[in-house]
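Enquirer: Can you keep this structure in mind? I'll have questions shortly.
The values are calculated or read from the model by the stated rules, or taken from the named source; none is laboratory data. The shown structure was predicted, so the numbers you read here are calculated from the model rather than taken from an experiment. Glycine also receives a Cβ, built like all others from the backbone with ideal geometry; neighbour counts cover every protein chain displayed.
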There are 4 protein chains.
Amino acid sequence: MDKLGVWLIGARGSVATTAIVGAAAIRAGAASPQGCVSESPGFPGHLVPLTDLFFGGHDITETSLRKRAEQLGRAGVIPPDLPALLASDLDAADAEIRPGYVPGDGGRAAARLIDDIAGFRARHGPARVVVVNVSSTEPPVDSRPEFERLADLEERLAAGDDVLPPSSLYAYAAFHAGCGYVEFTPSTGPTLPALTELAAQQGVPYAGRDGKTGETLVKSALAPMFADRALRVRSWSGLNLLGGGDGATLADPAARSSKQLSKDQVVAKVLGGPVDGQTHIDYVPDLGEWKTAWDHVTFEGFLGVRMAMQFTWQGCDSALAAPLVLDLARLVARAHEKGRRGVLPELGYFFKSPLGTDEHALAAQYARLRAFAEELS
Amino acid sequence: MDKLGVWLIGARGSVATTAIVGAAAIRAGAASPQGCVSESPGFPGHLVPLTDLFFGGHDITETSLRKRAEQLGRAGVIPPDLPALLASDLDAADAEIRPGYVPGDGGRAAARLIDDIAGFRARHGPARVVVVNVSSTEPPVDSRPEFERLADLEERLAAGDDVLPPSSLYAYAAFHAGCGYVEFTPSTGPTLPALTELAAQQGVPYAGRDGKTGETLVKSALAPMFADRALRVRSWSGLNLLGGGDGATLADPAARSSKQLSKDQVVAKVLGGPVDGQTHIDYVPDLGEWKTAWDHVTFEGFLGVRMAMQFTWQGCDSALAAPLVLDLARLVARAHEKGRRGVLPELGYFFKSPLGTDEHALAAQYARLRAFAEELS
Amino acid sequence: MDKLGVWLIGARGSVATTAIVGAAAIRAGAASPQGCVSESPGFPGHLVPLTDLFFGGHDITETSLRKRAEQLGRAGVIPPDLPALLASDLDAADAEIRPGYVPGDGGRAAARLIDDIAGFRARHGPARVVVVNVSSTEPPVDSRPEFERLADLEERLAAGDDVLPPSSLYAYAAFHAGCGYVEFTPSTGPTLPALTELAAQQGVPYAGRDGKTGETLVKSALAPMFADRALRVRSWSGLNLLGGGDGATLADPAARSSKQLSKDQVVAKVLGGPVDGQTHIDYVPDLGEWKTAWDHVTFEGFLGVRMAMQFTWQGCDSALAAPLVLDLARLVARAHEKGRRGVLPELGYFFKSPLGTDEHALAAQYARLRAFAEELS
Amino acid sequence: MDKLGVWLIGARGSVATTAIVGAAAIRAGAASPQGCVSESPGFPGHLVPLTDLFFGGHDITETSLRKRAEQLGRAGVIPPDLPALLASDLDAADAEIRPGYVPGDGGRAAARLIDDIAGFRARHGPARVVVVNVSSTEPPVDSRPEFERLADLEERLAAGDDVLPPSSLYAYAAFHAGCGYVEFTPSTGPTLPALTELAAQQGVPYAGRDGKTGETLVKSALAPMFADRALRVRSWSGLNLLGGGDGATLADPAARSSKQLSKDQVVAKVLGGPVDGQTHIDYVPDLGEWKTAWDHVTFEGFLGVRMAMQFTWQGCDSALAAPLVLDLARLVARAHEKGRRGVLPELGYFFKSPLGTDEHALAAQYARLRAFAEELS
């Protein structure tokens, strides 16, 4: 089997750095693949071994991966001795990071982004490459006429117009470069009709969106419990306290609204209708790379009796997300190899807002993932 | 379809009274079947309608059902106006309650218990009757030679020996009376080899044990989430605070040990091995019919990062258990009608210690229940 | 000692109704004064006995007190049998409730409000009357020139101008009627310089504001613990889930901002500076008269080690507030009798935003209250 | 002012090591005295500066302090770079650690322990020395006749009898060596009448017992809140999850019972009587040096309304205890200097089971501590 290139949008961010460090550590025998769903004993799929991944990507910052890894070591996200141990792997990935897209020159940037990805593949070829967006969350985007048809979109881009949000421009570039794409953020990414058309035309698969790593993961495990037991959920409220880069981005109300929309739909979808309550997101710098979420649920049982449950989740988002990035890249690559094109609803297990499916119940999503992996092998 | 008789061991207890009140309220149009799994829209099974149930049972106390219902109304377990509204139904069930078995005369008691059940069925016939044990938790029982073979057990009973714990004597009586049996408590009940033999001989089905209504329900929803995500659970600790009759019974360390054994196995079974931590049970009279449980879980993700989650469950056990008693009675009756005999592993969804199966993951249990109900219809 | 009239603004609200029911129940021997600070064994003060209170007030709704009490009985705020038992007391108070002030005719309304209060006192005289605002929270008010001097304010009111927010108009009326005043809400009330001047001129005392009944009460008990132990609080975040009328009012962002300002200052004041984190307020209708708050605190100890604590408070605001209303009315009346005029900083123990003092540490506030009560006796 | 020697029983344990590292870090300017109560701005007392402390002690293990410090660095209790930075200070303290007392030769051991302490003081003299017990918790001790009178005790010791538990033998040695003593564990220590007699005879002060660092600290802040507000606490239950050495010791039911007795009394003492509920302690090795405690409180307010609160405390015991050890050593030394002998009830603020006082309310304890420190200066 060929090697697999993972091209990360936001390649110097916490999630990307953790994924790169992790893959290197596993290859070096310094860590187990704990947290990788597809590495569980007996998980099917005939996927590229974790030891055969190589990394590159785009980013708008210039801090070296080694420095970022050291920061994550101090923050307790990765063992502090790994950055030194894996320095050559980190430097190799660093050498494959290109300047990210800065809004303003979208028309011209597209060609450059495509070249960056294609060059990466060529240098390491023969290889398949999957592009994964793990950059900052963008605000929701207003619909525009040229989003509807690929021809119109191409025309605007050719005219040098800056019409696409960054995540969608990256998806556009990925598809044009013949790569599968994973939208790991709540941003628009590949969800525009014009891009769906492009994916079909190019014969590439994609999956998304918004990695399900913490509070929403728990919600999707618990909501079916209430539904199947015929317990009527009356309210579901939550507060997410986030530090780190993600929190800072989400301190912007516009970006936060993308995330909240994504978080709020799970419960309503599983329960078959809306319930009272909201999900709040707060930026608390002191939490660093850690996140604490509290959820409070009121529900009604037999003869109308009112009951309640609450949970607190204390997780490290980068450590939860990074192994899923490795899972997704390998699964999308394998699907690509097997001829799948367009959206992959079977990967809904990994996402808060699964594309191509309305299934949000965690166990049902996992069963579908297993069946899909079975097919792929 | 015939009517269905539900014979409750512990017929004046909180769970039984709530179940009897609830069925009467549903028949009277005063309540919805919320909390009944088998009444969810689209649930298959071709079961006896909830309006065609009638009740009787054994109990060692003499407080009338109406009085018990009034107590539960004051405690907030049932709407306080129901006992008066449903007085005639409660009185009808009351008239079918017979003195429970008091250890000491097991040999002779068996015949009387069988007669009680058979008489109930005869008075309401033609009807099927299912016996459900919702009485107090018994301590674990030491194994005895006569538990192994039915012939030996019958011999001891014929000699007037008091060899069986009450729950097992009730199961013995149920089977002899040709009735299906549900062990809703963690007590020994039908699990002795001699009784398994009897069930097979009599062609009757049974299910158990220990209704999964609160903390353990949540555990069985969450543990698979960790397992499937390849997150290694390092410890799982819990404290259950119980008021009411159940709490008072469990203040006895011997009875408590039955319950704890039952509670502790779920996580280990789902995760494939034991984890640190214990489940504590405490009697806090002030909580009345309510129960509060706190669980604390530590787990390890990618590259060994340590994370934690905790949940608090505030439930009313009787209100959670009662609709399941109605579900189980109808499902066991239907299985009996369709010719099933012996243990029904397909009903594991309802139990902390499911008999006949090692599956503890909630969604998998629910899928099996649905498939079973499909078969029954 | 004379009887004491308690004139409640929002006299048909949950807090007022609970206070009136409670005082009547205590007089009838049907309840203990549990929750009344001033009724603790040994509490000094020489206060009017709880059995010598009588009630009246303003409200803009017309639901009878008896009906409101029945609603509270169903909601579990008061024992459901009390409304019938205390019907004549409730009707007597009902007969003393006058139409509340509806913004629009502030100039003319003042005179009418004063007459209402004075008439109440006259009908029951000789008696002292204390006015307590327990109506809905108002939005913060922009400063206006006529708020600064009483003469200017009187001139505007005489001209029929509607310049004061309702809470301040009530305080104005109370002072003019020669009554002490308690601002139990976060509204502006007596805090305008012109009203301070009026209180001094009329020789009446007042206290406020925003009754400290739940989450903030706990904060003011815990924040000094961190401060005295030299543990550096790094963040303090909270989510308040409120049902009932209070929640509905606070669903309005303007009103909510009054409350949040009031809640957020406690921690900063006790710790000597601001900390990260916010207090969120959410309206969850399903919670009814109940409130659930979750607070999350991160702090730093020796050598910079990071630690965390969280608490969940599940309270019934009306039941927590009502006895404090009785405490405050009696304490203010006694202070009035002893010649105190103007703000009473000694009552800061009862408030989220204590007027006349910067002390927010709960135990220090309690010590000051005890000393004050000692003086009064 | 002279320097101050701190002689630690359990000198290689987590608390002692953290205290020694911390004092060295403060002296080196590498850390602030955060967490030291007596270093708060404005705290009186005229105490020995933290930079003038030196350390020695007894321990039964031989792992070097440097190694222990490195372990604590990896466990996140202290910054990982400190052990190397402060190596010479750690080695200096290490050179002053003598073999601890191993039960079996109590009679002869006493003289040796006294010599160890006296030698330490002599080598560093002129200096005052305070002995602080931070070793493992002992089981409760049955009373013996010779505990009652010093003469009887001395006689038994002279006969070579091993009658005292280790903590008491250390207190005996400390007093004989003319040193003040702090019992920071729940062990028996100086509480025997014979030792009280000895302290008086030698003119030395002592304080104890069982450092109040986490869950109980919070309890003593919250219980007065309920009491002063006339809210009747109905139950108070808790579960403590402990890793590390402390947890392992407390896995032994006998040792655990000392701790539980100590923890359970706070609430009852503050509230004026026992309440339902227990405090459980569980050893969860995975928690390492960290501790998580959950407390659940039910209480009753006005008209009998039931409410609840719960809190979760996630702390690092060694980091919470170490600065208090420094506080206590300095306060006891200063009291000794000012001529105090016998028990120091004014230091109750620091302890779960304060000796010489029944005051458990945290703010009251702090006020008394401040007044005491004022007197000392």
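Enquirer: Residues that are within 14 Å of chain B (Cβ to nearest Cβ), in contact with a strand residue (DSSP E or B) (Cβ under 9 Å, 6 or more places away or on another chain), assigned to a helix (DSSP H, G or I) and aliphatic (A, V, I, L, M): does region A:225-233 have at least one?
Expert: yes
Enquirer: Residues of region A:234-257 being within 12 Å of chain C (Cβ to nearest Cβ) and charged (D, E, K, R), which ones?
Expert: A:R234, the sole residue that qualifies.
Enquirer: Would you pick out the residues in region D:147-179 that are touching a Lys or Arg at 6+ places or on another chain (Cβ under 8 Å) and either within 20 Å of D:D210 (Cα to Cα) or modelled with pLDDT under 95 (or both)?
Expert: Result: D:G160, D:V163, D:C179.
Enquirer: Taking D:G247 and the conditions (1) assigned to a loop (DSSP other than H, G, I, E, B); (2) over 28 Å from A:A308 (Cβ atoms); (3) free of Cβ contacts under 8 Å to residues at least 60 places away in the same chain, which numbered condition does it fall short on, given that it satisfies the others?
Expert: Just one mismatch for D:G247, condition (1).
Enquirer: Separate question: Starting from residues that are surrounded by fewer than 23 Cβ atoms within 10 Å (Cβ to Cβ) and within 7 Å of chain A (Cβ to nearest Cβ), keep the ones in region B:294-308 and report whichever is nearest to B:S220 (Cα to Cα).
Expert: My answer is B:A308.
Enquirer: At positive phi and out of contact with any His (no Cβ under 8 Å at 6 or more places or on another chain): which single residue out of A:G107, A:G119, A:G125, A:G76 fits that description?
Expert: One residue alone meets the criteria, A:G76.
Enquirer: Can I ask one more? Can you give me the number of residues within region A:185-214 that are of a type in the set (D, E, K, R) and at the interface with another protein chain (Cβ under 10 Å from one of its Cβ atoms)?
Expert: 1
Enquirer: A follow-up question, please. Determine whether B:F54 is farther than 19 Å from B:V77 by Cβ, of a type outside the set (A, V, I, L, M), touching a residue at least 12 places away in the same chain (Cβ under 8 Å) and within 13 Å of chain A (Cβ to nearest Cβ). Even if it seems obvious, please write down each step before you answer.
Expert: Numbers: farther than 19 Å from B:V77 by Cβ: yes; of a type outside the set (A, V, I, L, M): yes; touching a residue at least 12 places away in the same chain (Cβ under 8 Å): yes; within 13 Å of chain A (Cβ to nearest Cβ): no.
So B:F54 does not fit the description; no.
Enquirer: Still on this structure, please answer the following. Consider region B:191-213. How many of its residues are in contact (Cβ under 8 Å) with a residue 60 or more places away in the chain and surrounded by 24 or more Cβ atoms within 10 Å (Cβ to Cβ)?
Expert: Residues flagged as in contact (Cβ under 8 Å) with a residue 60 or more places away in the chain and surrounded by 24 or more Cβ atoms within 10 Å (Cβ to Cβ) within region B:191-213 amount to 10.
Enquirer: Can you tell me which residues in region C:124-154 are surrounded by 13 or more Cβ atoms within 10 Å (Cβ to Cβ) and in a helix (DSSP H, G or I)?
Expert: C:H124, C:E146, C:F147, C:L150, C:D152, C:L153, C:E154
Enquirer: Is it the case that region D:275-288 has a residue that's farther than 27 Å from B:P274 by Cβ, in a helix (DSSP H, G or I) and within 23 Å of the chain's Cα centre (by Cα)?
Expert: no
Enquirer: Restricting attention to region B:42-63, which residues are surrounded by 15 or more Cβ atoms within 10 Å (Cβ to Cβ) and among the small types (G, A, S)?
Expert: The answer is B:G45, B:G56, B:G57.
Enquirer: Being over 22 Å from the mean Cα position of the chain (by Cα) and within 14 Å of another protein chain (Cβ to nearest Cβ) is the filter here, so list the residues in region C:57-72 that pass it.
Expert: Result: C:E70, single match.
Enquirer: Taking region A:329-353, which residues are surrounded by fewer than 24 Cβ atoms within 10 Å (Cβ to Cβ) and part of a strand (DSSP E or B)?
Expert: Answer for region A:329-353, where residues must be surrounded by fewer than 24 Cβ atoms within 10 Å (Cβ to Cβ) and part of a strand (DSSP E or B): A:G342, A:V343.
Enquirer: Within region B:94-104, can one find any residue that is in the same structural domain as B:P186 (by the TED database) and over 30 Å from B:A194 (Cα atoms)?
Expert: Of the residues in region B:94-104, the ones in the same structural domain as B:P186 (by the TED database) are B:94-104.
Then keep just the ones that are over 30 Å from B:A194 (Cα atoms); that gives B:94-95.
Yes, because at least one residue in region B:94-104 is in the same structural domain as B:P186 (by the TED database) and over 30 Å from B:A194 (Cα atoms).
Enquirer: Another question, if that's okay. Which numbered condition in (1) under 22 Å from the mean Cα position of the chain (by Cα); (2) part of a loop (DSSP other than H, G, I, E, B); (3) surrounded by fewer than 24 Cβ atoms within 10 Å (Cβ to Cβ) is the only one that B:D162 fails?
Expert: (1) is the only condition that B:D162 fails.
Enquirer: Check whether at least one residue in region D:313-328 is closer than 19 Å to D:S235 by Cβ, at the interface with another protein chain (Cβ under 7 Å from one of its Cβ atoms) and either touching a helix residue (DSSP H, G or I) at 6+ places or on another chain (Cβ under 9 Å) or not in a loop (DSSP other than H, G, I, E, B) (or both), and report yes or no.
Expert: Scanning region D:313-328 turns up at least one residue that is closer than 19 Å to D:S235 by Cβ, at the interface with another protein chain (Cβ under 7 Å from one of its Cβ atoms) and either touching a helix residue (DSSP H, G or I) at 6+ places or on another chain (Cβ under 9 Å) or not in a loop (DSSP other than H, G, I, E, B) (or both).
Enquirer: Filter region B:258-293 for residues that are within 14 Å of chain A (Cβ to nearest Cβ) and under 30 Å from B:R68 (Cβ atoms); which is surrounded by the fewest Cβ atoms within 10 Å (Cβ to Cβ)?
Expert: By that ranking, first place goes to B:G288.
Enquirer: Give A:G214, A:G180, A:G203 a once-over and let me know the one that is within 22 Å of the chain's Cα centre (by Cα) and within 30 Å of B:Q365 (Cα to Cα).
Expert: Exactly one residue qualifies, and that residue is A:G214.
Enquirer: While we're here: Criterion first (part of a helix (DSSP H, G or I) and modelled with pLDDT of 90 or more) does D:V267 satisfy it?
Expert: Working: part of a helix (DSSP H, G or I): yes; modelled with pLDDT of 90 or more: yes.
Yes, satisfied.
Enquirer: Just for region D:74-92: of the residues that are crowded, with 16+ Cβ neighbours inside 10 Å and within 17 Å of C:R306 (Cα to Cα), which one is farthest from the other protein chains (Cβ to nearest Cβ)?
Expert: For region D:74-92, the residue satisfying everything is D:A75.
Enquirer: A follow-up question, please. Of these, B:G42, B:G10, B:G22, B:G29, which one is of a type outside the set (D, E, K, R) and at pLDDT below 95?
Expert: One residue alone meets the criteria, B:G42.
Enquirer: Within region A:240-249, how many residues turn out to be over 15 Å from C:S235 (Cα atoms) and crowded, with 23+ Cβ neighbours inside 10 Å?
Expert: Total meeting the criteria: 1.
Enquirer: Another one. Cβ-Cβ distance below 9 Å, separation of 6 or more or different chains: which pairs start in region D:108-127 with a residue that is assigned by the TED database to the domain that holds D:P166 and over 23 Å from D:D2 (Cβ atoms) and end on one that is of a type in the set (V, I, T) and surrounded by fewer than 18 Cβ atoms within 10 Å (Cβ to Cβ)?
Expert: From region D:108-127, the pairs are D:A109/D:V102.
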